[in-house]
1. Output the peptides 56-64, 81-89, 99-107 sorted from most to least packed, where packing is the average of other Cβ atoms within 10 Å over each peptide's residues.
2. If you place +1 on the Cβ of every Lys and Arg and -1 on the Cβ of every Asp and Glu, how big does the dipole about the Cα centre of the range 59-107 come out, in debye to the nearest 20?
3. Treat every Asp and Glu Cβ in the range 41-127 as -1 and every Lys and Arg Cβ as +1, leave all other atoms uncharged, and give the resulting dipole magnitude about the Cα centre to the nearest 20 debye.
4. Can you pull the Kirkwood radius for the range 48-108, inverse mean 1/r over Cα pairs, to one decimal in Å?
5. Rounded to whole Hz and in sequence order, give me ³J(HN,Hα) for the range 67-74 from the Karplus expression 6.51 cos²θ - 1.76 cosθ + 1.60, θ = phi - 60°, writing x for Gly and Pro.
6. If you look for lysine pairs in the range 42-112 that are eight or more places apart or on different chains, how many of them have Cα atoms under 24 Å apart?
Amino acid sequence: MKYREYDSRLQHRRFHSPLHSWPLSATLPQMKKPSKSAKSKKKTMLFGLGLDNKDGHTRITSGDNFKLIGGSEETHGTMQEKAIKMNEHLKRRGKTLDTVSRDEFHDIADKLGMPLLEKQPPAHERN
């Protein structure tokens with residue numbers, strides 16, 4: 001199946017909502033292949049993952065340059081606080097996550113008590 005054939009069949013479809021007895025009409029946006037410049041643009045993000053959730057709540061917080069997922073109420077709140085403080089430190093230094101050096105980032109993270117995971121080489125490159 002070619003990309004254009006797939007795209008043209010998806011332009012107008014009717015969706016049935018399980019919450020309502022009538023069909024909902026929707027027009028899907030034109031699907032385009034991403035340009036090479038869009039593929040090459042990378043944005044540095046701070047990612048927090050909390051694994052101690054026992055109350056069944058799904059907690060997700062997103063900011064301009066961070067995404068925090070999971071954790072107990074306390075853990076998620078701590079991650080939020082540290083993400084905000086990281087941005088405050090960067091702003092005082094006139095930096096962003098894209099422009100801060102690795103050493104400066106580690107220095108700020110150490111001051112905030114943020115545990116960091118280092119980028120690991122692929123398994124076939126280790127050893």
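1. Output ranking for 56-64, 81-89, 99-107: 81-89, 99-107, 56-64.
2. 120 debye
3. I would put it at about 400 debye.
4. Hydrodynamic radius (Kirkwood, Cα pairs) of the range 48-108 is 12.4 Å.
5. 9, 10, 10, x, x, 5, 4, 5
6. Counting lysine pairs in the range 42-112 gives 25.
Any read-out appearing in this document is the output of simple, stated calculations on the displayed coordinates, not a laboratory observation. The shown structure was predicted, so the numbers you read here are calculated from the model rather than taken from an experiment. Here Cβ is always computed from backbone atoms with ideal geometry, including for glycine, and neighbour counts include all displayed protein chains.
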